Amino acid sequence: MNQLRAYPFFARLSDSQIERLLPFVMEETIPYNGTFFEEGQPANYLFLLTRGSVDLYFKMPDDPRHRVLAGAINAVGPFGISALIEPHTYAMTARAGTDCHVLRIDAEPLRNTMAQDTQMGYTLMREIAQASMERMHLAQQRLAEEEQPDLVI
């Protein structure tokens, strides 16, 4: 598991910081259409996609039974980022779009470690902010395509 440095999310951490994270990290394989978490659930885990594709959905406010595909994660990167952002409740539902290999990181000890090691916290939160901006851009793009598909290039 010491290969964490190979993932961009962890690349800027020192060896000792990565060693402190190892007890919180589990490797998992999730089959196609498996659910990682549901919108509104407590965000107990941060996930790092290492192989596969994850689809993100959210409920429509006027009809909670209606779900909208907000986007997909196809590259190596974090999801379930609500685990590090208060109030630590998942804002979307995440489902495996293919068979997926992930690292599941227990959020509570991760948050505690980040609070004790503020440099680690800053480094990881920069990665979370970047992922958040990418998701927002993707959602904007999808909304634009739905509203005016002929104008989107």
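The values are calculated or read from the model by the stated rules, or taken from the named source; none is laboratory data. Everything quoted here is computed from the prediction, not taken from an experiment. Counting neighbours? That spans all protein chains shown, and the Cβs are built from the backbone with ideal geometry, glycine included.
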Is it the case that region 36-43 has a residue that's modelled with pLDDT of 95 or more, polar (S, T, N, Q) and in contact with a strand residue (DSSP E or B) (Cβ under 8 Å, 6 or more places away or on another chain)? yes
Under 9 Å between Cβ atoms, at least 6 apart or on separate chains: pull out the pairs that start in region 91-120 with a residue that is under 19 Å from Ser14 (Cα atoms) and end on any residue that is surrounded by fewer than 14 Cβ atoms within 10 Å (Cβ to Cβ) and of a type in the set (Ser, Thr, Tyr). Met114/Tyr122; Gln119/Ser14; Met120/Ser14
Residues satisfying the stated conditions in region 44-71, i.e. closer than 12 Å to Arg104 by Cβ and of a type in the set (A, V, I, L, M, F, W, C): Leu46, Phe47, Leu48, Leu49
Quick one: Pro78 ticks every box in (1) at pLDDT 95 or above; (2) under 16 Å from the mean Cα position of the chain (by Cα); (3) crowded, with 18+ Cβ neighbours inside 10 Å; (4) not aromatic (Phe, Trp, Tyr) except a single one, so which number is it? (1)
Considering every residue within region 38-45, establish whether at least one is outside any loop (DSSP other than H, G, I, E, B) and within 24 Å of Met120 (Cα to Cα). yes
Under 9 Å by Cβ, and 6 or more places apart or on different chains, what pairs join a residue from region 66-88 that is closer than 21 Å to Thr118 by Cα with one that is at pLDDT below 85 and not in a strand (DSSP E or B)? Ile81/Arg135
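Yes or no, residue by residue, for (1) outside any strand (DSSP E or B); (2) under 30 Å from Glu145 (Cα atoms):
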site	(1), (2)
Ala70	no, yes
Arg95	no, yes
Ile105	no, no
Leu110	yes, no
Thr113	yes, no
Gly121	yes, no
Leu124	yes, no
Ala129	yes, yes
Filter result for Ile73 (crowded, with 17+ Cβ neighbours inside 10 Å and more than 23 Å from Ala139 (Cβ to Cβ)): no
